[in-house]
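Got a structure here, written out as structure tokens. Questions coming.
The values are calculated or read from the model by the stated rules, or taken from the named source; none is laboratory data. This one's a predicted model, so the numbers in the text were calculated from it and none came from an experiment. As a convention, Cβ positions derive from the backbone with ideal geometry for all residues, glycine included, and neighbour counts pool all protein chains shown.
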Amino acid sequence: MGKMISFPRTTGKSAQGYLAEAKDPKAPGVVVIQEWWGLQGQIKAVCDRLAAAGFTALAPDLFDGKVVPYHDSPAAEAAMKSLDFKAATSEAVRGAAQFLKKRGGKVAITGFCMGGALTVIAAVHVPEFDAAVCFYGLPPESVAAPKDIRVPFQGHFARQDDWCTPAVVDEFERKLKEAGKKFEIYRYDGHHAFMNSERTAVYSDEAAKLAWDRSLQFLREKLA
């Protein structure tokens, strides 16, 4: 089990986050970015699972303690819209990357839904990251274009997603190919948030297991 810690933002101020440590003090690191619900139990569980798999994981609390109940989508959307994505990436997310990088290993980023979009932004704008794994979330191209992704990239998307739609994913993949980027894109029969075991209406055990195994293999290869 991990614990809540304070770590420095790039501005020098402090941020809060959930840290789950691998047994090896110099293990590779993974920054984990929350969904629009906040830093809730499922995201902390992802950190714990990564630690058990040999990665030290840190999930910055981008909503400063606010956690939205799963049934309240309007409140989650409002919380997400109030977040300055660029500032969050350059200050808290990059600060988390720097915190993990000081331990000596390579560092990747992964994120879900809103966190998936932030993962792409960080893959473009944060130099400390060595790889990125995105789950069903993409930012506007004006914020982070596929051609500007500078690290090996893996993406996981749902064929029945009405938010990060198949058409959007297809266009994103096309632009990655055009730019000659190193990437893997996977699509699953399922709905948005199929990785979130706490949301039984959309969770897919089969898709979640396959995506998790692919993610671990990718992280082990890119962070070795």
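One line per residue, one yes/no per condition, for (1) at pLDDT 95 or above; (2) within 16 Å of the chain's Cα centre (by Cα); (3) surrounded by 22 or more Cβ atoms within 10 Å (Cβ to Cβ); (4) more than 25 Å from GLY54 (Cβ to Cβ):
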site	(1), (2), (3), (4)
HIS125	yes, yes, no, yes
ALA131	yes, yes, yes, no
PHE135	yes, yes, yes, no
ALA144	yes, yes, yes, yes
PHE153	yes, yes, yes, no
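Here is a check on your reading of the model: is VAL107 β-branched (Val, Ile, Thr), over 19 Å from GLN154 (Cα atoms) and over 12 Å from the mean Cα position of the chain (by Cα)?
Numbers: β-branched (Val, Ile, Thr): yes; over 19 Å from GLN154 (Cα atoms): no; over 12 Å from the mean Cα position of the chain (by Cα): yes.
Answer is no for this residue.
Which ones in the stretch 36-84 are crowded, with 22+ Cβ neighbours inside 10 Å, over 21 Å from ARG9 (Cα atoms) and small (Gly, Ala, Ser)?
Residue satisfying the conditions is ALA76 alone.
When you look at GLY190, is it under 30 Å from ARG150 (Cβ atoms) and either crowded, with 16+ Cβ neighbours inside 10 Å or not small (Gly, Ala, Ser) (or both), yes or no?
Spelling it out, GLY190 is indeed under 30 Å from ARG150 (Cβ atoms) and either crowded, with 16+ Cβ neighbours inside 10 Å or not small (Gly, Ala, Ser) (or both).
Out of the residues in the stretch 171-187 meeting the condition of being within 14 Å of GLN154 (Cα to Cα) and among the aliphatic types (A, V, I, L, M), tell me which one is surrounded by the most Cβ atoms within 10 Å (Cβ to Cβ).
Among those residues, the one meeting the criterion is LEU176.
Could I ask something else about it? If I filter the stretch 12-32 down to residues being of a type in the set (A, V, I, L, M) and assigned to a loop (DSSP other than H, G, I, E, B), which single residue comes out as nearest to ALA51 (Cα to Cα)?
Initially, the stretch 12-32 is screened for residues of a type in the set (A, V, I, L, M), giving 15, 19-20, 22, 27, 30-32.
Then drop every residue that is not assigned to a loop (DSSP other than H, G, I, E, B), which leaves 22, 27.
Numbers: ALA22: 4, ALA27: 9 Å.
Out of the qualifying residues, it is ALA22.
Out of all the residues in the stretch 117-131, is one or more touching a residue at least 60 places away in the same chain (Cβ under 8 Å) and aromatic (Phe, Trp, Tyr)? Before you say what the answer is, go through the steps one by one.
Start the filter on the stretch 117-131 by keeping residues that are touching a residue at least 60 places away in the same chain (Cβ under 8 Å), which leaves 118-119, 122, 129-131.
Remaining after also requiring aromatic (Phe, Trp, Tyr): 129.
Yes; the residues of the stretch 117-131 include at least one that is touching a residue at least 60 places away in the same chain (Cβ under 8 Å) and aromatic (Phe, Trp, Tyr).
Please go through the stretch 33-63 and pick out each residue that is within 20 Å of LYS102 (Cα to Cα) and either in contact with a Lys or Arg (Cβ under 6 Å, 6 or more places away or on another chain) or part of a strand (DSSP E or B) (or both).
Passing the criteria: ILE33, THR56, ALA57, LEU58, ALA59, PRO60.
Same structure, new question: Between a residue in the stretch 19-33 that is buried (at least 24 other Cβ atoms within 10 Å of the Cβ) and any residue that is hydroxyl-bearing (Ser, Thr, Tyr) and part of a strand (DSSP E or B), which pairs come within a Cβ distance under 9 Å, given they are 6 or more apart or on different chains?
So the pair list comes out as PRO28/THR56; GLY29/THR56; VAL30/THR56; VAL30/THR110; VAL31/THR110; VAL32/TYR18; VAL32/THR110; ILE33/THR110.
So, one more: Please specify each residue of the stretch 1-18 satisfying the condition of being basic (Lys, Arg) and surrounded by fewer than 13 Cβ atoms within 10 Å (Cβ to Cβ).
Residues satisfying the conditions are LYS3, LYS13.
To continue, here is another question. Just name the residue that is nearest to the chain's Cα centre (by Cα) out of those in the stretch 67-78 that are under 17 Å from TRP163 (Cα atoms) and among the hydrophobic types (A, V, I, L, M, F, W, C).
Among those residues, the one meeting the criterion is ALA76.
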